[in-house]
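Each remark here refers to the structure printed beneath this line.
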Amino acid sequence: MSSELSLNINIKEPRWDQGTFMGRAQHFFMVTDPRNVLLSSETLEEARVIVENYRAGVVKPGLTEDELWRAKYVYDSAFHPDTGEKMFVIGRMSAQVPMNMTITGCMLTFYRTTPAVVFWQWVNQSFNAVVNYTNRSGDAPMTLNQLGAAYVSATSGAVVTALGLKSLAKRLPPIVSRFVPFAAVAAANCINIPFMRQRELKYGIPVMDENGNRLGESANAAKQAIAQVVVSRIGMAVPAMAIPPVIMNALEKRAFLKRFPILNAPVQVGLVGLCLVFATPLCCALFPQKSSMSVSGLEADLQEQIRQTSPQTTTVYFNKGL
């Protein structure tokens, strides 16, 4: 019997059952593993070659199933699922924990002055804009003008929202003021993500049948995809921005932090990082990456097109983005 690896392993799909939350969680713990950010270009290229060769029916001699799946997840962590292009490093989901723990920790630490709020909200929304564009659904490019307009609109809206909430919190107890960054981030996500993915809302995203055959583009599918991403992103922010303020409010009353206030930011960043290590994959897992909707929920003209070209299709599938 040949010991060569079987070609029947479906690496187009995740290793774990995506019909269950636990299966999706296992998948996203791999995709968002922050250690993947440190992988060299050579390692990423090697993973790309293994995956693309396997899909073409070529197996590297001596390759094991575990090594194949490892290559698949290294590949998925760095290359866009629709375009196949290598993603900008800070836009990858594996960069979410180290980037967000730093930015969120600083937002929670430096929330008392208006310049600090403006600066860190701008940094956060600039980072989010990169992530939202990098992990967009579909393969239609945005022009530089469209990208610039989306970025300015998204970041401006987020900063204005943060300042408005900060002014409202002035007469509230200090512990409530600590939650202003979270409220601002939640509101800003509702602005930033649709703006950075506005092309999808206008022109639609690719929808496929169960065999992966492209059936057309749907703006209705884009609306569902973006709504799910907004919910997931707000969910990621809840533990990281709600738990550390409560802990820090208690710690700052202790003699240790009063004596060494310089440790405030590092402690806060560490607490945020601990929350994000779990919140990021678990909230990504709230909805399947390969989302679906009934054909009856699509635009009328696309429904008619599908009835003519693929009459047996009742459900379409699409990459919702991250």
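The values are calculated or read from the model by the stated rules, or taken from the named source; none is laboratory data. Computed from a prediction, not measured in an experiment: that's the story for all the values here. Note: ideal-geometry Cβ built from the backbone for every residue, glycine included; neighbour counts use all protein chains shown. For accessibility, only protein heavy atoms count, side chains too; no ligands or nucleic acids. Shrake-Rupley method; radii C 1.70, N 1.55, O 1.52, S 1.80 Å.
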If the chain between W16 and A116 were fully extended at 0.36 nm per residue, the gain over the current Cα-Cα distance would be 31.7 nm
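Hey, what did the stretch 91-319 get for relative contact order, percent, Cα under 8 Å, at least 6 apart? Mind dumping the intermediate values first?
Values: 296 pairs, mean separation 55.6, N = 229.
Averaging sequence separation for qualifying contacts and normalising by length gives 24 percent for the stretch 91-319.
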Excluding ligands, DNA and RNA, the carbon-plus-sulfur percentage of the accessible area of the stretch 91-319 with a 1.4 Å probe reads 67 percent
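Taking the highest mean first, how do the peptides 218-225, 57-64, 303-310 order by number of other beta carbon atoms within 10 angstrom per residue?
Ranking, from highest mean packing down: 218-225, 303-310, 57-64.
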In deg cm²/dmol, rounded to the nearest 500, the helical mean residue ellipticity at 222 nm of the chain, built from -39500 (n - 2.57) for every DSSP H run of length 4 or more, is -20000 deg cm²/dmol
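Considering only DSSP states other than H, G, I, E and B, which GluC sites (Glu not before Pro) in the stretch 9-101 qualify as loop sites with at most 15 other Cβ atoms within 10 Å? Present the calculation step by step, with values, prior to reporting the outcome.
Details: sites: E42, E45, E46, E52, E65, E67, E85; in loops: E85.
For GluC sites (Glu not before Pro) across the stretch 9-101 that sit outside H, G, I, E and B with at most 15 neighbouring Cβ atoms in 10 Å, the list reads E85.
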Listed residues I103, I193, I243; largest mean-square fluctuation, Gaussian network over the chain with Cα springs below 10 Å, found at I243
Extension length gain for E46 and S294 (0.36 nm per residue less Cα distance), in nm, is 85.4 nm
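Quick check: from the Cα gyration tensor, does the chain come out rounded (a/c under 1.5), prolate or oblate? Kindly include the intermediate steps, with their values, before the conclusion.
Numbers: a/c = 2.35, a/b = 1.48, b/c = 1.59.
Cα axes put the chain in the oblate bin.
Please list, by residue number, every one of the GluC sites (Glu not before Pro) in the stretch 207-281 that is coil in DSSP and has at most 16 other beta-carbon atoms within 10 Å. Please report the intermediate quantities before stating the final value.
Values: sites: E210, E217, E252; in loops: E210, E252.
Loop-located and lightly packed - E210, E252.
Averaged per residue, what accessible area in Å² does the chain show with a 1.4 Å probe, protein chains only?
On the way: 15760 Å² over 322 residues.
Solvent-accessible surface per residue comes out at 49 Å².
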The relative contact order of the stretch 21-86, taking Cα pairs under 8 Å that sit 6 or more residues apart, comes to a percentage of 38 percent
Taking R0 as 56 Å and r as the Cβ-Cβ distance between N249 and V58, the FRET efficiency 1/(1 + (r/R0)^6), rounded to the nearest 0.05, comes to 0.45
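Could you tell me the calculated FRET efficiency between F278 and V152, based on Cβ-Cβ distance and R0 = 25 angstrom, to the nearest 0.05? Could the numbers behind the result be given before it?
Working: r = 34 Å, r/R0 = 1.35.
E(calc), rounded to 0.05, equals 0.15.
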Residue span F260 to A219: 0.36 nm per residue of separation minus Cα-Cα distance leaves a gain in nm of 9.4 nm
Expected max-MSF residue from P14, P115, P81 in the GNM of the chain (alpha carbon, under 10 Å) is P115
